[in-house]
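These notes concern the structure reproduced below.
What follows is calculated from the coordinates using simple rules that are stated; it is not laboratory data. Because the structure is predicted, anything quoted here is derived from the model rather than measured. We place every Cβ from the backbone using ideal geometry, glycine too, and count neighbours over all the protein chains shown.
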Amino acid sequence: MKTLHATYLGYAGAILSAIIMLLLGLLGNLGIYTGAAAMMQEWHLFFSLSVAGIVGGMIESAIISFVILYLFAVVYNWLLSRNQ
């Protein structure tokens, strides 16, 4: 089996989560998915429907996603190496 490249997986997750946060902020400002936008405001420290809040939410979600996916790949590779 192949190992995961932890940094690339982290980057991919960070980019994807930042794009999703941007879309959620834009759609929340248009009145679509207001419930989801309200939940993101409760869950994320820096997210709001202002421009600065959307950018802050994008940065926050990118950092969180990068760390989680990077650690996932590190643990996966460690378990894979122990199994062989």
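Would you please list the contacts, defined by Cβ atoms under 7 Å and residues six or more apart or on different chains, that run from a residue in the stretch 11-36 that is farther than 12 Å from residue 47 by Cα to a residue that is of a type in the set (Ser, Thr, Tyr) and in a helix (DSSP H, G or I)?
13/65; 14/65; 17/61; 17/65
Tally the residues that are of a type outside the set (A, V, I, L, M) and in contact (Cβ under 8 Å) with a residue 60 or more places away in the chain, restricting the search to the stretch 1-10.
Summing the residues that are of a type outside the set (A, V, I, L, M) and in contact (Cβ under 8 Å) with a residue 60 or more places away in the chain in the stretch 1-10 gives 4.
For the stretch 14-34, name all the residues that are at positive phi and of a type in the set (Ser, Thr, Tyr).
Matches in the stretch 14-34: 33 only.
Out of the residues in the stretch 24-60 that are among the small types (Gly, Ala, Ser) and in contact with a Leu (Cβ under 7 Å, 6 or more places away or on another chain), state the one that is surrounded by the fewest Cβ atoms within 10 Å (Cβ to Cβ).
For the stretch 24-60, the residue satisfying everything is 36.
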